[in-house]
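*Asks:* My structure is below; once you've seen it, I'll send some questions.
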Amino acid sequence: NEELLLKFMSRLPPAPAHSRLIIQSSVATMSASKLVQFGTQHVAKGIGRLLPEVIESGAGSYVTMEGGRKYLDFTCGIGVTNLGHCHPAVTKAAQAQVGKLVHGQVNIAFQKPYLELIEAMKPIMPDPSLDTFFFWNSGSEAVEAAVKLARHATKKQNIIVMQGSYHGRTMGTMAMTRSKTIYGENYAPLMPGVFSVPFPYCAQCSISKHSDGKFSFSNCCQDPVLQLELLLKRETAPSDTAAIIIEPVLGEGGYVPPPPGYFDAVRKICDKNNILLICDEVQCGYGRTGKMFAVEHYGVRPDILVMAKGIANGFPLSAIASRKELMDMQKPGSMGGTYGGNAVACAAGVAVLDAFKKESILDNVNARGAELRKILTDAQKDSKTSKIVHDVRGLGLMLALECQPDHNYASKIQTKCIEKGMLLLTTSIYDTLRFIPALNISKEDMAKGCQIIKEAIEEVAAES
Ligand code: PLP
């Protein structure tokens with residue numbers, strides 16, 4: 001059996017390269033439980049894992065595990081496979097490109113899918129001034145590229161981030177990520193020149209909180225704006241500050257859309273002080289909130305837009321878009337990376353935008369989002385469940401349910417959903433569940449998901 005085989009092979013001297021194929025084929029035929037055992041042994045623990053299972057395949061809104069268990073996926077691989085797993089048109093475009101050109105080094109020559117993707121992206125930009133593009137592989141790389149661009153273009157160093165933000169886990173982006181302490185601890189020294197201010201979060205804001213513990217939404221935003229102005233007076237002068245980077249809907253930090261007025265105020269502060277506004281739409285962009293970009297809900301123009309995750313529906317691809325005069329300041333050769341803008345990923349990216357048009361994705365996001373939101377707000381109002389719900393928020397199909405603190409309600413609800421056959425994630429701050437189903441989820445699958453969520457909330461409330 002596999003266990004004996006592995007034990008035996010671990011005692012052998014290093015095998016010549018060709019015979020290592022035997023180990024690979026052993027993995028290919030392992031049972032589900034043995035695969036988990038093998039993964040636990042050999043995959044770095046620092047990654048963390050929700051389930052002791054192995055994903056075998058995915059189709060639309062479902063994933064199937066080794067062993068046959070099927071889950072309704074309300075995570076989309078953390079907002080990546082936004083058009084569902086193995087979307088047929090995206091798969092077809094990628095397959096066609098694999099047979100034509102897999103990699104064309106961008107510093108050597110242009111390649112067609114790269115240019116086609118730019119042509120497709122240009123009309124969806126939240127502002128026509130964002131007319132020049134560059135592609136990488138991951139969100140973190142794109143965020144770092146935006147910071148490089150901002151520093152170079154302004155000849156200033158410091159970056160202001162939001163408390164609760166998530167921008168990645170590379171050395172630079174770790175310094176900018178403020179949603180959970182473990183992301184940065186034990187890796188010092190991190191990138192210097194990063195300062196943070198509070199993000200407007202009505203559900204936890206002292207101004208909107210009443211003496212009975214309840215809160216009301218306010219449009220004031222006075223405190224976070226004041227804190228930003230104070231930061232620019234006390235800690236990082238405008239003459240040293242290159243950019244403010246914001247997730248237009250805070251992602252990992254709790255799925256928090258800022259109240260109206262906040263973004264306008266930040267834009268004004270940027271304009272007044274010659275500071276660039278970077279919008280990190282890695283998680284909230286590309287249709288997730290019911291508009292192509294979350295910043296469109298606020299009518300504000302970013303100077304640099306960062307995109308990743310859903311832009312190629314699972315192929316590693318990220319991008320920044322900015323004004324030509326800013327982008328062209330950087331010297332040829334100072335930007336880039338071997339795989340950035342890979343031809344297959346770009347071809348998939350073109351198919352994604354094609355599907356957005358052909359399948360009226362944004363209409364579906366708004367219709368299904370309203371159905372899901374209703375289930376959550378009903379739970380907030382229902383006397384049986386209201387005691388465990390603190391807040392329901394979000395836009396489109398980027399929705400969150402924050403539970404009352406100190407009882408681990410969110411992870412209890414998550415566990416129940418998983419038992420009932422649905423994958424669901426929590427966020428880093430406060431006791432919050434995040435709901436990120438595929439943007440093209442069918443009405444039937446949404447109804448099924450809503451039923452599971454409703455039952456799970458009711459059961460946790462009844463047990464509390
Ligand atoms: N920015 C935001 C808003 C994110 O949500 C993420 C990842 O979750 C990143 C950046 C980093 O992206 P990646 O994990 O692809 O490096």
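Readers should treat all values here as calculations from the given coordinates under stated rules, not as data from a laboratory. All of these numbers come straight from a predicted model, not from anything done at the bench. Cβ sites come from the backbone with ideal geometry, for glycine too, and all protein chains shown count toward neighbours.
*Asks:* Placing one identical point scatterer on every Cα of the chain and ignoring solvent, what is log10 I(q)/I(0) from the Debye formula at q = 0.09 Å⁻¹?
*Replies:* -0.64
*Asks:* Within 10 Å of each residue's Cβ, count the other Cβ atoms and sort Met174, Met422, Met162, Met191 from fewest upward.
*Replies:* Ranked by crowding around the Cβ, least crowded first: Met191, Met174, Met422, Met162.
*Asks:* So, one more: Could you give the length gained on full extension between Lys45 and Met65, defined as 0.36 nm per residue of separation minus the Cα-Cα distance, in nm?
*Replies:* Answer, rounded to one decimal: 5.1 nm.
*Asks:* Using the Kirkwood formula over every pair of different C-alpha atoms, what hydrodynamic radius in Å results for the stretch 270-374?
*Replies:* 15.6 Å
*Asks:* What 222 nm value per residue comes from the helices of the chain, counting each DSSP H run with n ≥ 4 as -39,500 (n - 2.57) and dividing by all residues, nearest 500 deg cm²/dmol?
*Replies:* -11500 deg cm²/dmol
*Asks:* Moving on to the next point. Could you line up Met335, Met176 from fewest to most neighbouring Cβ atoms inside 10 Å?
*Replies:* Met335, Met176
*Asks:* Among DSSP beta bridges lying fully in the chain, give the percent that are antiparallel, nearest 5.
*Replies:* The antiparallel fraction comes to roughly 65 percent.
*Asks:* In cubic angstrom, how much convex hull volume per residue do the alpha carbon atoms of the stretch 290-433 span?
*Replies:* 174 Å³
*Asks:* Hey, got the dipole for the stretch 344-464? About the Cα centre, +1 on K and R Cβ, -1 on D and E Cβ, debye to the nearest 20?
*Replies:* 200 debye
*Asks:* Let me ask something additional. By count of other Cβ within 10 Å, fewest leading, how are Lys448, Lys155 ordered?
*Replies:* Lys155, Lys448
*Asks:* Mind listing which chymotrypsin sites (Phe, Trp or Tyr not before Pro) in the stretch 264-321 are in a DSSP loop and have 10 or fewer other Cβ atoms within 10 Å?
*Replies:* none
*Asks:* Please go through the stretch 317-409 and write out the GluC sites (Glu not before Pro) that DSSP classes as loop and that have at most 12 other C-beta atoms within 10 Å.
*Replies:* In loop regions of the stretch 317-409 (DSSP not H, G, I, E or B), there are no sparsely surrounded GluC sites (Glu not before Pro).
*Asks:* Here's another thing I want to ask about it. For the stretch 248-305 and the stretch 315-378, what is the centre-to-centre distance using only Cα atoms, to the nearest Å?
*Replies:* 15 Å
*Asks:* Extent of the stretch 103-155 along each principal axis, from alpha carbon coordinates, in Å, largest to smallest?
*Replies:* Result for the stretch 103-155: principal-axis Cα extents of 33, 26, 19 Å.
*Asks:* Could you work out Rg/(2.2 N^0.38 Å) for the stretch 47-196, with Rg from alpha carbons only?
*Replies:* The value comes to 1.31.
*Asks:* To continue, here is another question. Using the alpha-carbon centroid of each, what span in Å lies between the stretch 406-453 and the stretch 145-208?
*Replies:* 28 Å
*Asks:* Could you tell me, in Å, what Rg and Dmax come out for the Cα atoms of the stretch 142-205?
*Replies:* Here Rg and the maximum Cα pair distance are 12.4, 38 Å.
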